[in-house]
């Protein structure tokens, strides 16, 4: 008996050390998460193929104000914007945030979301609890939970009824073998058939295994989040959690093999596997599980959205906290944009600009590299963020709640046999179709119809820009065609970006200025970049002749 006391003391010390280590580990994780708040993700790898999966799945059937199309996303380098905005802790949250930033809902939902964001900004204790729970879902495998949110699951094979016939034969033979032992030999052919059923079904279990393991974790995460007062007050209905617990019992068998293979000996595991083969346990449970997903799949989606909404809210709270300047938008019904000190969020040291449009659109001129396209992108990006996460990178932002479309980065589609011009024609035709609806739109374009000749580009461009500007639609267009400033000065506000050349050096201040561009420095820029003197002289001579012909034409038209 003398050994009982030392063993007990040792066991107690081990238990205390385990508890102490676990406590220290939790404190370390919490400290790291608190330090992370307000900061962009450091050295994060963004696998957009996985991140976009949830969006790809829900965007097709979602009821929303607008789903941003791929053209607009490509035009504004959306992946870089997402990498800057994303401060989520879980993979569910990351996938949900990506979808949220591309699916514009209504103003009511937007303002409700903002209420949760604001509360999380002001409650560090709640943030810490939430972040710690969400961090459990940071495993890469958690990307696969969205696979359970599907209208199409693994179908039953045509021979599935034979599974039950085989089960009945197995049970009958086993029972009768107590009276007629020789019958036990009949189990051998049944076992052979059942082995086929059993191992054919392994691929189905493997297909759902990762998603199911992570979904079981997500139920635990959701339960923890629901106990945080800020969260429980925000969500009016959490009944899906009770249903999730019931579904949990039906799907835990998927993870059974993962558990027993580590926790019990191989002999016992083999015996259990034999019983499962004999009774076709796994294949029956698998298709019961699939049926439960088909009938109660909304539980998975509700759990996903619940965690995603909380994580997206804490991400936006972190984004705002870490931003030197941001504002909440003001939405108006009138055709106006009034923005103070707007900037591009992912460009370090971006120059801030103001923009005021009242019953007019924007026609922007200036040379290459002066900042035209970056400014237009800044307005588009902030309009999207205003309407998805109620956050703008500006001192103030006032504009209508609009659908957003762009045509900035168009390229030839050689696979479809489309020229640059045809691609542009198709895109602008889509814009024109949108004007037929009684919803204000923001159209952004860079160098309209640059795939065709000058005369038709200017005439076609003027006609299209006048058409798109009707009603409450607002157009932002950048162009090198100075002629458009004369044709559209009554419908569009004219602004420009300029450059300075001093001591053979080119400088841009990237400040938006009122009026059309007045200077022409393209040939001068060629000169300071050491183009041959003969090329410069020839260009100047041709330019003077072109200007002279224009002057004669203008005088003739006046007479």
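The values are calculated or read from the model by the stated rules, or taken from the named source; none is laboratory data. Computed from a predicted model, the values in this text were never measured in an experiment. A quick note on method: Cβ atoms are made from the backbone with ideal geometry, for glycine too, and the neighbour counts reach across all protein chains shown.
Among the residues in region 220-227, are any out of contact with any strand residue (DSSP E or B) (no Cβ under 9 Å at 6 or more places or on another chain), within 23 Å of residue 154 (Cα to Cα), in contact (Cβ under 8 Å) with a residue 24 or more places away in the chain and in a helix (DSSP H, G or I)?
Filtering region 220-227 for residues out of contact with any strand residue (DSSP E or B) (no Cβ under 9 Å at 6 or more places or on another chain) gives 220-227.
After this cut, where a residue has to be within 23 Å of residue 154 (Cα to Cα) as well, the list is none.
No, because not a single residue in region 220-227 is out of contact with any strand residue (DSSP E or B) (no Cβ under 9 Å at 6 or more places or on another chain), within 23 Å of residue 154 (Cα to Cα), in contact (Cβ under 8 Å) with a residue 24 or more places away in the chain and in a helix (DSSP H, G or I).
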Open item on the list: Any residue at all in region 438-448 that's surrounded by fewer than 22 Cβ atoms within 10 Å (Cβ to Cβ) and under 30 Å from residue 529 (Cα atoms)?
Closed with: yes
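So that you can scan it fast, the table gives a plain yes or no per residue for (1) closer than 15 Å to residue 368 by Cα; (2) in a loop (DSSP other than H, G, I, E, B); (3) at pLDDT below 80:
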| position | (1), (2), (3) |
| --- | --- |
| 501 | yes, no, yes |
| 506 | yes, no, yes |
| 510 | yes, yes, no |
| 519 | yes, yes, yes |
| 523 | yes, no, yes |
| 527 | no, no, yes |
| 534 | no, no, no |
TODO: Inspect all residues belonging to region 158-172 and state whether any of them is crowded, with 19+ Cβ neighbours inside 10 Å, within 33 Å of the chain's Cα centre (by Cα) and in the same structural domain as residue 249 (by TED's automatic domain parsing).
DONE: no
- [ ] Scan the helices (runs of 4 or more DSSP H) fully inside region 38-119 and keep the ones with 2 or more residues being modelled with pLDDT under 95 and in contact with a strand residue (DSSP E or B) (Cβ under 6 Å, 6 or more places away or on another chain).
- [x] 70-75
Open item on the list: Need the failing condition index for residue 392 against (1) at pLDDT 95 or above; (2) under 21 Å from the mean Cα position of the chain (by Cα); (3) surrounded by fewer than 16 Cβ atoms within 10 Å (Cβ to Cβ), just the number.
Closed with: (3)
Open item on the list: Among the residues in region 282-292, are any under 30 Å from residue 234 (Cβ atoms), modelled with pLDDT of 75 or more and in a helix (DSSP H, G or I)?
Closed with: yes
Open item on the list: Tell me whether region 102-109 contains one or more residues that are touching a residue at least 24 places away in the same chain (Cβ under 8 Å), in the same structural domain as residue 226 (by TED's automatic domain parsing), over 17 Å from residue 48 (Cα atoms) and surrounded by 20 or more Cβ atoms within 10 Å (Cβ to Cβ).
Closed with: yes
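So which of 77, 86 ends up being on the phi > 0 side of the Ramachandran plot, touching a residue at least 60 places away in the same chain (Cβ under 8 Å) and under 16 Å from the mean Cα position of the chain (by Cα)?
On the way: 86 fails: on the phi > 0 side of the Ramachandran plot.
None of the other options fit; the residue is 77.
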Task: All positions within region 317-347 that are under 22 Å from the mean Cα position of the chain (by Cα) and in a loop (DSSP other than H, G, I, E, B) - done: 322, 323, 326, 328, 329, 343, 344, 345, 346, 347
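Report whether or not residue 175 is within 43 Å of the chain's Cα centre (by Cα) and either more than 18 Å from residue 284 (Cα to Cα) or modelled with pLDDT under 85 (or both). Let's see the steps before the verdict.
Working: within 43 Å of the chain's Cα centre (by Cα): no; either more than 18 Å from residue 284 (Cα to Cα) or modelled with pLDDT under 85 (or both): yes.
Against the criterion (within 43 Å of the chain's Cα centre (by Cα) and either more than 18 Å from residue 284 (Cα to Cα) or modelled with pLDDT under 85 (or both)), residue 175 does not qualify.
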